[in-house]
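The values are calculated or read from the model by the stated rules, or taken from the named source; none is laboratory data. Because the structure is predicted, anything quoted here is derived from the model rather than measured. Neighbour counts run over all protein chains shown; Cβ positions are idealised from the backbone, glycine included. All accessible areas refer to the heavy atoms of the entire protein, side chains included, with ligands and DNA or RNA removed. Shrake-Rupley method; radii C 1.70, N 1.55, O 1.52, S 1.80 Å.
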Amino acid sequence: MGTISLVKARKAFGDAIIIPGVDLDIKDGEFVVFVGPSGCGKSTLLRMIAGLEDLTSGSILIDGKNMTEEAPSKRGLSMVFQSYALYPHMSVRGNISFGLKMAGMPKDEIAAKVAKAAATLNLTEYLDRKPRQLSGGQRQRVAIGRAIVRNPEGFLFDEPLSNLDAALRVNMRLEIMQMHKDLGATMIYVTHDQVEAMTMADRIVVLNRGNIEQVGTPLELYNHPDSLFVAGFIGSPKMNLMDGAPAAPYKCATIGIRPEHLDISREAGTWPATIRLAEHLGADTFLHVDAGLCGMMTVRAEGEYEVASGAKIFLTPEPSRIHRFDKDGKAIRK
Amino acid sequence: MATQQTRALGKLAVAPSVFALFVWMIVPLAMTIYFSFLRYNLLDPNIACSLMHPGQLFDAENRCLAGFSNYTYFLTDPAFFKAMGNSLILVGWVLGISVAGGTLLALLLDQAFYGRGFVRIMMIAPFLVMPTVSALVWKNMMMNPVSGFLAYLFKLVGLQPIDWFAHAPMTAVVIMVAWQWVPFATLILLTSLQSLDEEQKEAAEMDGTPPLSYFWYIVLPHLIRPMTVVILIETIFLLNVFAEIYVTGTGGRAGNLPFLVYQYGLISNDIGGASAGGIIAVILANIVAFFLMRMIGKNLEA
Ligand SMILES: Nc1ncnc2c1ncn2[C@@H]1O[C@H](COP(=O)(O)OP(=O)(O)O)[C@@H](O)[C@H]1O
Ligand SMILES: [Mg+2]
């Protein structure tokens, strides 16, 4: 069913090479998240899969069939756009049913499908409204409804939650995950938010300047980042990275240690540090400290950690949690 | 407080220009209304009826006051109905041609092709030509039955050239006026086409929309608003078409309301009758504008 493979997929706009060449296999029913900083080519890659962007070279296989030259509507994929891209002059019903109508499906069959989708998405009472009479979250549902009724092999999401407020975003995140469970369809989800990536993905694809930096489950990326880029991108707050003197004892160019993997002591430890700023979140306290040769570091203390700015503390890294990188930024595994 | 003061000050500041504009508008209108109630003919100059001697206006022996007779005369003149009909035919055809043609041209110019910028600029040119000039060019260079370009084309394909102004005066006027107004419609519709959301196009592509359905379900609804704006603006200007009819001498058969007013005033020298005609034309135009505004108001809200 819905497997998607990219084979040396390459995209250039004129002289600008956006995707130098990507190889990727996505399994049937998998939830894959493309994550990376803005402008790294996530949307471009997704649009290449959708067929909205032609490949410069390489190919795309869906379900084992070569779909590189196929029209977007023939690929068995549905897309949810960042701006929702609803048709403003059509009712919710019109929006959801438009694709089916274009496909020439009989009217009663369309009505049944729309009713079913509307029921799952809690849109039944809004079916006759126009998009502009809906809230952001409802518009998002309509966009998803439009994708669902086509019964696709795979769903493509391009930053679908970035226009929603924080609380709604968490809700919709859960709903999309639930939908993935219920439908069992393959889903590719693009985001620049690593928290979204970590919470939703079966597998994460980290992109950097159009190249795949690493592919893996959220915990693989968290525990074993292949490169400095992935180490810095995955995890919040960011991993502390130090080069030069602090790295020398570990025989590498750079070491990294996550804020949550540092032990804090008032008496003794590996690195002495001075507290500059404390962020109290209730469950956690993030300390921003000046650790001398190690530079500025972030440390996570559990619970409410009362300290005065300027207080001296000692930090000790958990030895098994230290990440080592060579001078090219590649991880060194023991 | 502060804003209230600012507002009052603002009103005070614009008052002189509002006043000037008001006078500018109201004086000619008031004079036209005034003349429309006079028995005032240039061939029969009755000094007593001029503005110079307001006191004698009301003397019964001068017979200056005409009451509503100018209006009843104008409204019962068979030429009035013919002119009304011609006005409607002209407005209707030019609106139809410029909206349909403008849409087609806008769709064409929205495509990427070599030299698009230049073609777009050239496209606007007819709109910038003075109506009198365009009428002269059409009359002498395009539609002349002997030496005109259209006659040349007709002969080229072995057809009898048409003597446009003698045999199809209304068609000729419609062609000339449409030539001027299609670019205007194109410009407005093209601007609107370019504001069509890119992701919506892509959503339609994902939905597998064929080109004609795409036009019908996505593009056309998007264009309805600018189309109504085009219709409103063009109607107001098209009701006033005069130069094309006057210059080409087609007024006899294709004359519209403004041309009839001209005939009353400057051919029959009947200033009173012409003024009454002018006021009637203003009232009719206002009725049209009222209905158009309501129609468009609804459209702009939706
Ligand atoms: N149609 C285009 N023409 C030229 N450059 C483009 C085009 N679309 C995207 N790009 C460039 O490709 C890069 C990646 O864009 P995009 O895939 O949208 O990034 P992301 O979604 O990861 O933020 C950007 O530098 C952008 O400027
Ligand atoms: Mg993007």
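What does the C-alpha gyration tensor say about the overall shape of region B:78-301? Classify as rounded when a/c is under 1.5, otherwise prolate if a/b is larger than b/c, or oblate. Judged from the Cα gyration tensor, region B:78-301 comes out oblate (a/c at least 1.5, b/c at or above a/b). When chain A is treated as a Gaussian network with alpha carbon springs shorter than 10 Å, the biggest mean-square fluctuation among A:Ser265, A:Ser59, A:Ser38 belongs to A:Ser265. The accessible surface of chain B, taken with every protein chain in place and a 1.4 Å probe, is 73 percent carbon and sulfur.
Can you give me the % of accessible surface on chain A that is carbon or sulfur? Probe 1.4 Å, all protein chains present, nothing else counted. Reported share for carbon and sulfur atoms: 51 percent. Placing a pseudo-label 7 Å from each Cα along the Cα-to-Cβ vector at B:Thr6 and B:Ala30 gives an inter-label distance of 3.6 nm. The GluC sites (Glu not before Pro) of region A:246-334 that DSSP puts in a loop, and whose beta carbon has at most 16 other beta carbons within 10 Å, are A:Glu267, A:Glu304, A:Glu306.
Using only Cα atoms, tell me the angle between helix A:107-120 and the longest principal axis of chain A; keep it within 0 to 90° and round to the nearest 10. Helix A:107-120 sits at roughly 30 degrees to that axis. Structural descriptor for chain A: relative contact order 17 percent, calculated from alpha carbon pairs under 8 angstrom and at least 6 residues apart.
Relative to the longest principal axis of the Cα atoms of chain A, the long axis of helix A:166-183 makes an angle of roughly 60 degrees.
Taking all protein chains as shown and a probe of 1.4 angstrom, A:Arg324 keeps an accessible surface of around 50 Å². The modelled label-to-label distance between B:Ala13 and B:Ser268, using points 7 Å beyond Cα along the C-beta direction, is 5.1 nm.
If you plug the beta carbon distance of B:Phe118 and B:Ile236 into 1/(1 + (r/R0)^6) with R0 = 41 Å, you get a FRET efficiency near 0.85. Probing with 1.4 Å while keeping every protein chain in the model, the per residue accessible area of chain A equals 46 Å². The label-point distance for A:Ser309 and A:Asn208, in a model that sets each label 7 Å from Cα toward Cβ, rounds to 3.4 nm. Solvent-accessible area of A:Asp128, all protein chains in place: 120 Å² (probe radius 1.4 Å, heavy atoms, ligands and nucleic acids excluded).
Could you work out the relative contact order of chain B? I mean the mean sequence separation of Cα pairs under 8 Å and 6+ apart, divided by the number of residues, in percent.
Answer for chain B is 27 percent.
Accessible surface for region B:166-283, divided over its residues, is 38 Å² per residue with a 1.4 Å probe. Accessible-area loss of 40 Å² or more (1.4 Å probe, protein heavy atoms, chain alone versus all protein chains) is found in region B:173-216 for B:Glu199, B:Gln200, B:Glu202, B:Ala203, B:Glu205, B:Met206, B:Asp207. Under 24 Å Cα-Cα from A:Lys65, which lysines qualify once same-chain neighbours fewer than 8 residues away are excluded? Cα-Cα hits under 24 Å: A:Lys8, A:Lys11, A:Lys27, A:Lys42, A:Lys74.
Using R0 = 35 Å, the C-beta based FRET efficiency linking B:Gln111 and A:Lys8 works out to 0.60.
For the pair A and B, the buried accessible area comes to roughly 1700 Å² in total, with a 1.4 Å probe and the value rounded to the nearest 100.
At 24 angstrom or more along the helix axis (alpha-carbon based) and mean Kyte-Doolittle of 0.0 or higher, what helices does chain B contain? Whole DSSP H runs only. Numbers along the way, then the final one.
Details: long enough: B:2-36 (49 Å, 1.12); B:78-109 (45 Å, 1.64); B:169-194 (38 Å, 1.47); B:220-238 (25 Å, 1.61); B:271-301 (44 Å, 1.40).
Going by DSSP H runs, the hits are B:2-36, B:78-109, B:169-194, B:220-238, B:271-301.
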